[in-house]
Amino acid sequence: MTDTLRAPAQPLLARYAESLFWMARYLERAENLARVLDVTQTFEASGRPAQAWESVVRINADEAEFARRYGQATPEAVRRFYLLDADNPTSIPAAVAAARQNARILRPLISTEMWTQLNVFHGWVSALTEEEIAGEGLSRLCSRLKESVQLNTGITEGTFYRDQGWHFLQLGRVIERADQTTRLLDIKYHLLLPSLADVGSALDLSQWHALLRAAAGYHAFRRVHPRELTPRAVADFLLLDGAFPRSVLLCVRQAEWALEQLRSRYGLRGTREAAERAEELRAGLEERSIDRIVEAGLHEFLDWVQRMLIAIAGAVGTAFFRDWRPGAASPG
Amino acid sequence: MSGPKPRTTEVSDADGRPLPLPGYDPGGFFCELTTERPGDGGALATVLRRLAALPVEELRRRAASAERDLFNLGITFTVYSEATAIDRILPFDIVPRVLTAGEWRTLEAGVKQRVAALNLFLQDIYNGQKILKDGVVPADLVHGNPNYRPEMQGFPVPFGSYVHICGIDIVRDEHGRFRVLEDNARTPSGVSYVIENRHAMLRAFPDLMQGIRLRPVDGYGLRLQEAMCAIAPPAVADPQVVLLSPGIYNSAFFEHVFLAREMGVPLVEGADLTVENDRVFMRTTAGLAPVHTIYRRIDDTFLDPTVFRPDSLLGVPGLIAAWRKGNVALANAVGTGVADDKALYAYMPRIIRYYLAEDPVIENVETRICREPEGLAATLAELPNLVIKPVGGSGGYGITIGPRATRAELEACREKLLANPANWISQPVINLSVAPTLTPDGLRPRHLDLRPYAITGRDTWVLPGGLTRVALKPGSLVVNSSQGGGSKDTWVLVDE
């Protein structure tokens with residue numbers, strides 16, 4: 001190592017970086033899935049049960065797998081598919097199991113508190129029963145799922161050593177969070193497109209409320225937009241707000257920052273491709289007004305955002321995780 | 001061995017003497033807690049008094065809570081079947097096993113002597129083979145041993161240390177005498193439980209330990225790191241140590257995590273390492289970073305597919321060449337398995353005398369070698385009174401305990417002996433010592449052993465105490481975790 005000022009004090013195994021990224025992604029995925037299920041139940045209460053639950057399957061792109069295993073998308077079947085079915089790779093138990101598997105690999109690196117909480121969380125989630133997911137118990141269950149992930153996030157914030165591993169973990173978290181926010185927004189559009197007549201009705205408004213609450217953004221939204229609750233304002237808030245923790249723009253800015261830290265503080269030049277993709281996505285968000293986005297088609301825009309997020313994750317993976325070859329990312 | 005005694009009550013034994021704990025009668029066995037020994041400074045009586053004062057429900061409550069902690073902390077091994085992966089803890093018994101300062105001095109000296117002899121033997125075997133030429137150990141025991149590695153001939157290791165991490169299994173007979181049962185010179189496991197059991201004890205029973213001064217066990221990681229640095233290539237100022245594990249599916253994975261954490265080093269798998277120009281590197285986010293010492297927890301034959309098993313995916317191609325060039329150190333060295341064989345074990349007292357000109361500090365269990373005609377004859381004559389063990393086995397498998405065996409089992413054993421005598425040794429049944437252990441019936445005597453751990457770089461250090469394994473089934477002499485054994489915290493008292 002000639003560049004001693006920039007050389008990391010502690011080398012980070014490529015495999016550890018990968019596991020940190022994925023542990024955070026899977027946990028964030030579990031939390032957001034709980035949010036989606038929670039808000040879906042609210043939609044169901046407002047009168048379109050089958051449609052509401054079907055849309056959950058659709059936004060997760062699980063239509064084929066779901067139909068093969070369960071047939072009709074009844075509320076019960078969808079709940080079971082996402083809350084009990086560990087064989088469904090997009091279920092909450094599967095996401096928590098995958099997070100724990102990565103945490104196991106990372107045990108030499110992460111704090112004992114991080115591991116233990118996740119281990120206990122996994123024990124609980126993998127033993128959920130039909131009774132716990134039924135009826136009015138679902139909302140309580142979703143709250144507990146969210147809190148369990150938030151607890152892990154808090155423990156991580158308070159105990160995990162802040163070197164380059166921290167930035168790989170943050171990258172996984174914010175990329176997944178941005179992706180999930182686009183899905184949450186998309187579910188609402190999937191639901192409402194066939195019934196434009198409802199737009200602006202009391203039912204419609206209550207659904208936008210529910211959506212904001214699912215994203216934990218209702219009160220913040222009220223402060224920022226005290227006099228309007230329109231679909232455009234909500235989409236603007238979830239996509240383009242610069243201060244809301246779950247907005248796509250804020251997540252992308254955080255991803256850019258993490259990549260910049262990895263480059264400047266730890267000398268990881270392999271961040272270039274990912275940083276360029278992130279910059280492109282951020283610019284794409286910053287330069288468009290919500291009106292333009294909605295006019296051109298919100299769903300299509302969300303699709304583009306999701307593809308860009310995949311590109312960023314892919315660039316990080318190619319540079320740091322798998323099949324690394326000397327010369328490709330060697331510092332000086 | 002004594003049968004059940006008549007008229008034992010909760011408070012007194014068959015002869016009317018008061019029992020040390022309610023319902024606890026160790027019978028004719030040496031008890032690690034209730035048999036009086038000099039030099040304990042009153043600690044044994046204190047522990048007994050405190051234990052006796054706790055209702056058994058309270059003991060159970062604390063035991064359950066301690067075991068739940070171990071499970072939640074992931075101090076577990078994973079049992080895989082086709083469809084499931086179940087995490088299990090090594091059952092933890094909350095009654096500690098206590099060693100006096102004097103007893104520990106004997107054990108420590110005995111372990112150091114044993115490790116010194118093992119290393120001298122390996123150095124000789126892989127250099128001049130003087131001991132074979134002098135006829136002390138039969139040459140074919142070495143050359144015909146599957147763990148003998150001719151590749152090691154003439155290869156120098158720092159300080160003549162081959163066995164850097166060693167575990168010696170020691171039992172205690174009914175007179176309280178220590179006996180070595182087995183040497184573990186390859187990749188002995190279990191040390192993580194020594195330290196975690198102490199932590200569990202501190203959480204569950206601070207009141208039991210209060211005021212009793214114990215030798216600490218938490219220095220293990222530092223000592224290990226120190227030894228790993230000492231054996232690194234001498235030109236390296238700040239050596240990078242790694243722990244090489246088969247990965248998360250290995251049943252000892254928790255221990256690998258524990259040791260990597262205690263040493264503060266990366267836990268790597270074979271695919272994380274690569275060899276270029278006979279130097280070993282690990283793949284990091286910043287490129288290849290050099291590695292200087294590997295504490296490997298995989299067997300010799302999996303280390304390097306270009307030298308040993310070509311089908312091994314756990315190892316690192318080119319590792320042995322890098323090692324032979326002196327660019328990386330391996331702990332333990334390759335080829336130590338030739339020294340911890342059960343057949344060779346029988347020769348250890350002679351090996352100690354040969355190299356050190358000393359008597360063994362801790363004797364072997366008397367052992368008959370069935371490859372020798374007189375050993376086979378004596379074994380066959382006394383079969384129902386002996387323990388018969390395969391020389392290559394581990395984990396308590398394949399053992400026949402004569403006094404516990406049925407007529408048919410003894411007959412099967414006799415046939416196996418005659419078919420391949422060289423595969424067997426026999427030993428008298430040792431009436432292993434016992435200690436009070438929490439059972440469904442309350443505190444009852446259960447048999448146990450002890451595995452102290454020694455670290456050897458420049459010199460040898462022994463972790464105070466070691467792993468006490470306890471057979472949880474009544475009367476059972478098999479303490480292995482694969483056969484229903486558990487473990488206890490092991491206390492070494494500080495000299496008053």
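Taking a ≥ b ≥ c as the square roots of the eigenvalues of the Cα gyration tensor of the protein assembly as shown, is the shape rounded (a/c under 1.5), prolate (a/b larger than b/c) or oblate?
Prolate, because a/c is 1.5 or more and a/b exceeds b/c.
Could you work out the helix-only [θ] at 222 nm for chain A, with each DSSP H run of four or more residues adding -39,500 (n - 2.57) and the total divided by the number of residues, to the nearest 500 deg cm²/dmol?
Only helices count here, giving -23000 deg cm²/dmol.
Explain nothing, just compute: Karplus ³J(HN,Hα) = 6.51 cos²θ - 1.76 cosθ + 1.60, θ = phi - 60°, for every residue of segment B:183-197 in order, whole Hz, x for Gly and Pro.
Karplus-based 3J(HN,Hα) across segment B:183-197 equals 9, 10, 10, 9, 10, x, 10, x, 5, 4, 5, 4, 6, 5, 5 Hz.
List the GluC sites (Glu not before Pro) in segment B:31-68 that DSSP assigns to loop (not H, G, I, E or B) and whose Cβ has at most 12 other Cβ atoms within 10 Å. Which are they?
Hits after loop and neighbour filter: B:Glu36.
As a test question: what accessible area, to the nearest 10 Å², does A:Glu157 have when a 1.4 Å probe is rolled over all protein chains in place?
Its accessible surface works out to 110 Å², give or take rounding.
Relative contact order for chain B using alpha-carbon pairs under 8 Å, separation at least 6, rounded to a whole percent?
RCO, chain B: 23 percent.
What is the antiparallel percent of DSSP beta bridges lying wholly in the protein assembly as shown, to the nearest 5?
In the protein assembly as shown, approximately 75 percent of DSSP beta bridges are antiparallel ones.
Would you please give the FRET efficiency between B:Ile86 and A:Glu295, computed as 1/(1 + (r/R0)^6) with r the Cβ-Cβ distance and R0 = 45 Å, to the nearest 0.05?
0.20
What is segment B:279-433's relative contact order, in percent, from Cα pairs under 8 angstrom and six or more apart in sequence?
Worked out over segment B:279-433, it gives 17 percent.
Suppose we flag trypsin sites (Lys or Arg not before Pro) only when DSSP calls them loop and at most 16 other Cβ atoms lie within 10 Å. Which is the longest uninterrupted stretch of chain B?
Counting only loop sites that pass the neighbour cut-off, the longest clear stretch is B:8-176.
Would you please give the FRET efficiency between A:Tyr161 and B:Asn72, computed as 1/(1 + (r/R0)^6) with r the Cβ-Cβ distance and R0 = 22 Å, to the nearest 0.05?
0.50
Which ³J(HN,Hα) values in Hz, rounded to whole numbers, follow from the phi angles of segment A:25-37 under the Karplus curve 6.51 cos²θ - 1.76 cosθ + 1.60, where θ = phi - 60° and Gly and Pro get x?
With the stated coefficients, segment A:25-37 comes to 4, 5, 5, 4, 5, 4, 4, 6, 5, 4, 5, 5, 5 Hz.
Relative contact order for segment B:198-349 using alpha-carbon pairs under 8 Å, separation at least 6, rounded to a whole percent?
Value for segment B:198-349: 21 percent.
Please figure out what share of the DSSP beta bridges in segment B:236-288 is antiparallel and state it in percent, rounded to the nearest 5.
Beta bridges within segment B:236-288, antiparallel portion: roughly 75 percent.
When only DSSP loop residues count, what GluC sites (Glu not before Pro) in segment A:243-291 have their Cβ near at most 11 other Cβ atoms within 10 Å?
Listed in order of number, the matching sites are A:Glu287.
Any idea how far apart B:Thr46 and A:Ala50 come out in nm if each label point goes 7 Å out from Cα toward Cβ?
If labels sit at B:Thr46 and A:Ala50, their model points lie 7.6 nm apart.
Using the basic label-point model (7 angstrom from Cα toward the beta carbon), what is the A:Thr116 to B:Glu36 distance in nanometres?
Spacing of the two 7 Å Cα→Cβ label points: 4.2 nm.
Could you tell me the center-to-center distance, by alpha carbons, between segment A:147-177 and segment B:321-375 in angstrom?
If you average the Cα positions of each part, the centres end up 50 Å apart.
How crowded by other chains is B:277-285, given as the mean number of beta carbons from other chains within 10 Å of each beta carbon?
6
How much accessible surface does A:Leu141 have with a 1.4 Å probe, in Å² rounded to 10?
10
Would you grab the residues whose amide H sits under 5 Å from the one on B:Glu182? Only those 5+ places off in sequence or on another chain, please, with H modelled 1.01 Å from N.
So B:Glu182 has HN proximity to B:Asp169.
For B:Val265, what accessible area in Å² do you get when you roll a 1.4 Å probe over the heavy atoms of the protein chains, rounding to the nearest 10?
10
So for B:His256, B:His143, A:His122, what's the accessible-area order with a 1.4 Å probe, most first?
B:His143, A:His122, B:His256
Looking only at other chains, what is the average number of their beta-carbon atoms within 10 angstrom of each beta-carbon in A:10-23?
Partner Cβ neighbours, averaged per residue: 4.
Please compute, for peptide A:102-110, the average count of beta-carbon atoms on other protein chains lying within 10 Å of each residue's beta-carbon.
Across the residues of A:102-110, the mean count of other-chain Cβ atoms within 10 Å is 5.
Computed FRET efficiency, Cβ-Cβ of B:Ala381 and B:Thr106, R0 22 Å: what is it to the nearest 0.05?
Calculated value: 0.05.
Enter the Cα centre distance for the pair segment A:244-272 and segment B:103-119, rounded to the nearest angstrom.
Centre-to-centre (Cα) distance: 56 Å.
Taking the DSSP beta bridges in chain B as the whole, what percent of them are antiparallel, to the nearest 5?
75
Using a basic spin-label model with each label point 7 Å from the Cα along Cα→Cβ, how many nm lie between B:Leu54 and A:Glu286?
Modelled inter-label distance: 6.3 nm.
May I ask you to list the trypsin sites (Lys or Arg not before Pro) in segment A:212-306 that are in a DSSP loop and have at most 12 other Cβ atoms within 10 Å of their Cβ?
A:Arg227
Determine ³J(HN,Hα), in whole Hz, for all residues of segment B:319-329 in sequence, where each value follows from phi through the Karplus function 6.51 cos²θ - 1.76 cosθ + 1.60 and θ = phi - 60°; x replaces Gly and Pro.
4, 5, 4, 4, 5, 5, 6, x, 8, 8, 9
What residues from segment A:223-237 fall in the zone where the backbone N is under 14 Å from a label point 7 Å along the Cα-to-C-beta line of A:His209?
So the set is A:229-230.
Over what distance in Å are the Cα centres of segment B:191-220 and segment B:399-468 separated?
Their Cα centres are 25 Å away from one another.
The values are calculated or read from the model by the stated rules, or taken from the named source; none is laboratory data. This one's a predicted model, so the numbers in the text were calculated from it and none came from an experiment. Please note: Cβ atoms are built from the backbone with ideal geometry, for glycine as well, and neighbour counts cover all protein chains shown. Calculation scope for accessible area: heavy atoms of the full protein, side chains included, ligands and nucleic acids excluded. Shrake-Rupley method; radii C 1.70, N 1.55, O 1.52, S 1.80 Å.
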